[in-house]
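Report on the structure given below.
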Amino acid sequence: MSAYGSFLNRICKIFFIFVLGMLIISGCRQRSSAPAEKIFVNGHIITMDENISEVEALAIGQGKILSIGTTEEIMNSYSDAEVVNLKGKTVMPGIIESHGHLLSLGQSFLELNFEGVTTPQEVVQKVQERVSETPSGQWITGWGWDEGAWAKNYPTNKELNKVSPENPVYLRGLHGFACWANDKALEIAGIKKDTPDPENGKIIKDAISGRPTGILTNEAQGLLTPHIPPMTPDQVERALKLAIEECLKNGLTTVHEAKTSAEMLEAFRSLQKKNELKSRIYVMLDVTDKNLIEPFFIKGPEIDPNKMLAIRCIKIFVDGALGSRGAALLEPYSDAPGEKGAIVTPEDTLYRLTVRALKSGLQIAVHAIGDRANRITLNAFRRALGEVPQVQDHRLRVEHAQVVALDDIPKFAPRGIVLSMQPPHCTSDMPWAETRVGSERIKGAYAWRSFLDTGAHLTFNSDFPGETLNPFYGMYAALTRQTPDGRPEGGWYPEQCLSRGEVLRAYTVEGAYSGFEEDIKGKILPGMLADFIVFSDDILTIPVQKLLSLQVEQTYLDGNLVYDKGSVFLKK
Ligand SMILES: [Zn+2]
């Protein structure tokens with residue numbers, strides 16, 4: 001190369017370095033000079049990055065995290081911003097509740113609530129009080145008596161008929177697998193002595209007289225429910241708003257609504273339009289409503305630019321629940337040799353729906369509890385993915401995956417299937433789950449650790465309102481596999497317990513992943529939505545028992561305070 005050539009080469013290099021330098025400087029300036037509306041300092045801020053690092057301070061502006069760092073750094077960079085002194089409190093990303101039922105939760109605030117009620121007499125008494133203030137003939141509805149706990153000895157409607165002869169009474173069970181109705185309600189629905197049981201359901205009848213006792217299990221509830229007047233759109237909105245307030249109180253800034261009906265979707269849209277949707281909603285559309293889902297197979301997902309409402313998932317049930325022996329098992333129940341549960345969506349139907357969803361950019365979430373339901377789901381997903389191989393990032397989901405054949409556990413991760421599981425189900429079911437499935441199958445039940453070890457994506461949630469939506473309770477269950485009073489000692493199959501970091505990831509980062517939203521939520525890092533919660537104890541270090549009394553003090557969404565424990569709801 002000539003001297004002139006090498007001179008030119010040097011000039012070019014210097015120019016290149018100069019331009020690069022200018023770009024870097026302007027990039028930094030842009031970041032540090034973006035106006036912050038608010039800064040939070042002197043905290044334990046759990047970022048939920050790869051190392052679960054903590055920082056002291058963060059800055060927010062226009063609904064997003066602008067920057068994180070030490071208190072000094074953030075104070076110096078944003079001297080004009082409003083300062084919130086966290087005084088050593090802990091901050092973490094808002095919880096992503098990846099499976100809950102908002103309307104049922106909201107309804108429970110509008111109707112009679114029997115959660116925690118231990119005797120049928122108490123239920124009857126509450127109904128009697130409600131009858132006294134209800135016009136004759138009007139339906140009285142309630143929710144929350146424990147059909148699991150009372151299954152050995154279901155109540156009859158004798159006392160209900162006495163206190164409510166004119167008002168039809170319909171009381172749903174805590175988990176939705178049985179209801180309890182009075183004679184007036186049965187009469188309206190035309191349920192009589194000679195009414196046959198529907199498939200997958202039972203009209204419980206008196207052994208001597210043969211008359212219905214008022215208890216309808218599983219699909220038999222469908223004989224009654226169409227006769228109950230539907231909620232008005234106003235009532236649906238009111239119920240959803242109450243449910244969302246409860247979510248914010250518990251630190252849930254995103255909720256995956258796990259069976260969204262047309263009425264609910266309309267209410268979500270209406271609330272969003274009025275700017276009254278206060279937590280982010282990820283919708284799983286109810287597959288049984290063809291009119292609801294067909295348009296989405298044509299147009300694909302619908303994601304609101306403000307990230308408040310995302311519609312991109314379809315929910316399909318493949319079986320029922322373990323408690324009521326509706327979960328589909330490969331071999332008979334250990335405590336009911338003639339029963340194997342029932343498949344409600346056959347493999348071929350699931351396969352066809354999955355192919356259509358994959359082609360439209362939609363996600364499928366399958367309720368699969370028993371090992372047979374899980375195998376059918378695996379097969380249907382494998383066939384569908386084989387037919388639409390171009391869709392790599394599908395995040396097909398299995399909800400619950402509660403009892404899975406040991407051979408099948410390693411088959412989820414390689415296919416990219418996301419597991420959505422509920423630690424509270426484990427601790428609620430552990431007194432009787434092994435009786436249902438026996439000592440071998442139980443090794444693949446609530447098997448979080450086994451799934452994680454295969455490299456699977458695992459998100460945790462509560463499936464409220466059947467379980468409390470308090471995420472700290474779920475975290476306790478995932479860490480200990482014990483009841484709140486510490487039983488059994490050492491935990492139930494404790495080899496499946498997870499570490500604190502794994503549990504926190506399952507409630508944040510993985511929840512975001514399960515909704516294709518890991519780029520905008522689940523972590524406190526620059527560029528993420530400013531959705532976070534504040535509480536008093538450091539969740540990474542407090543004794544595990546203290547999780548049970550931990551309470552959210554503040555919840556922020558888009559950088560706005562939407563719940564404050566010491567105050568009322570601030571942003572109505
Ligand atoms: Zn559910």
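The values are calculated or read from the model by the stated rules, or taken from the named source; none is laboratory data. Note that the coordinates shown come from a computational prediction; the quantities given were computed from them, not determined experimentally. Cβ placement follows ideal geometry from the backbone for every residue including glycine, while neighbour counts extend to all protein chains displayed. Side chains are part of the model used for accessible areas, which takes the heavy atoms of the whole protein and leaves out ligands, DNA and RNA. Shrake-Rupley method; radii C 1.70, N 1.55, O 1.52, S 1.80 Å.
Working note: 222 nm ellipticity from helices only, DSSP H runs with n ≥ 4, each -39,500 (n - 2.57), summed and divided by the residues of the chain, gives -10000 deg cm²/dmol to the nearest 500.
Counting protein heavy atoms only, the chain has 53 percent of its accessible area on carbon and sulfur, 1.4 angstrom probe. Note on Asp197 and Ala149: the extension gain reaches 15.0 nm, defined as 0.36 nm multiplied by sequence separation minus the Cα-Cα distance.
Cross-link pairs exceeding 29 Å between alpha carbons, from the set Lys278/Lys443; Lys38/Lys273; Lys249/Lys274: Lys278/Lys443. Can you flag which of Lys315/Lys411; Lys241/Lys359; Lys259/Lys307; Lys241/Lys299 are past 30 Å Cα-Cα? Over 30 Å Cα-Cα: Lys241/Lys359.
Positive end of the dipole of the stretch 66-212 (Cβ unit charges, origin at the Cα centre): among Leu112, His101, Ser209, the Cα lying farthest that way belongs to Ser209. Helix 262-273 and the longest principal axis of the Cα set of the chain meet at an angle near 40°. Compared with the direct C-alpha span, the chain from Asn560 to Asp407 gains 50.3 nm at full extension, assuming 0.36 nm per residue. Per residue, the chain exposes 44 Å² of solvent-accessible protein surface, assessed with a 1.4 angstrom probe and all protein chains in place.
Enclosing the Cα atoms of the chain in their convex hull gives a volume equal to 192 cubic angstrom per residue. Inter-label distance, Asp206 to Thr288: 3.1 nm, where each label sits 7 Å from its Cα along the C-beta direction.
Rounded to the nearest 20 debye, the dipole magnitude of the chain is 1060 debye, with +1 charges on Lys and Arg beta carbons, -1 on Asp and Glu beta carbons, and the Cα centre as origin.
At a threshold of 8 angstrom on Cα-Cα distance, excluding pairs fewer than six apart, so keeping six or more, what relative contact order does the chain reach in percent? Provide the component values of the computation, followed by the final result.
On the way: 1177 pairs, mean separation 86.3, N = 572.
Relative contact order here is 15 percent.
Report the Cα centroid-to-centroid distance between the stretch 32-51 and the stretch 205-269 in angstrom, as an integer. When both Cα centres are located, 40 Å separates them.
Close amide H contacts of Leu285 (hydrogens built in the peptide plane, cut-off under 5 Å, sequence separation of 5 or more or a different chain): Thr260, Cys313, Ile314, Lys315.
A simple rule links phi to the HN-Hα coupling: the Karplus curve 6.51 cos²θ - 1.76 cosθ + 1.60 with θ = phi - 60°, which for the stretch 111-124 gives 10, 4, 10, 10, 4, x, 6, 9, 10, x, 4, 5, 4, 4 Hz, with x for Gly and Pro. Could you work out how far the C-alpha centroid of the stretch 484-505 sits from that of the stretch 420-463, in angstrom? After rounding, the separation between the Cα centres reads 11 Å.
Working from Cα pairs under 8 Å separated by at least six residues, relative contact order for the stretch 188-289 is 21 percent.
Taking 22 Å as the straight-line reach from the Cα of Lys162, the lysines in range (excluding those fewer than 8 positions away in the same chain) are Lys126, Lys184, Lys192, Lys193, Lys205. How large is log10 of I(q)/I(0) for the stretch 438-477 at q = 0.22, 0.24, 0.30, 0.35 Å⁻¹ when the intensity is taken from the Debye formula with one equal scatterer per alpha-carbon? At q = 0.22, 0.24, 0.30, 0.35 Å⁻¹ the computed log10 ratios are -0.86, -0.91, -0.97, -1.05.
Projecting the Cα atoms of Ser164, Ala401, Thr225 onto the charge dipole of the chain, computed from C-beta unit charges around the Cα centre, puts Ala401 farthest toward the positive end.
Protection proxy ranking for 388-396, 322-330, using the average of other Cβ atoms within 10 Å per residue and placing the highest first: 322-330, 388-396.
By average Cβ neighbour count within 10 Å, what is the ranking of 64-72, 125-133, 418-426 from highest down? Don't skip to the answer; put the middle values down first.
Details: 64-72: 18.9, 125-133: 14.6, 418-426: 25.0.
The most tightly packed comes first, giving 418-426, 64-72, 125-133.
Grab the Cα-Cα distance for Ser439 and Thr483, subtract it from 0.36 nm times how many residues apart they are, and report the gain in nm with one decimal. Gain on stretching Ser439 to Thr483: 13.8 nm.
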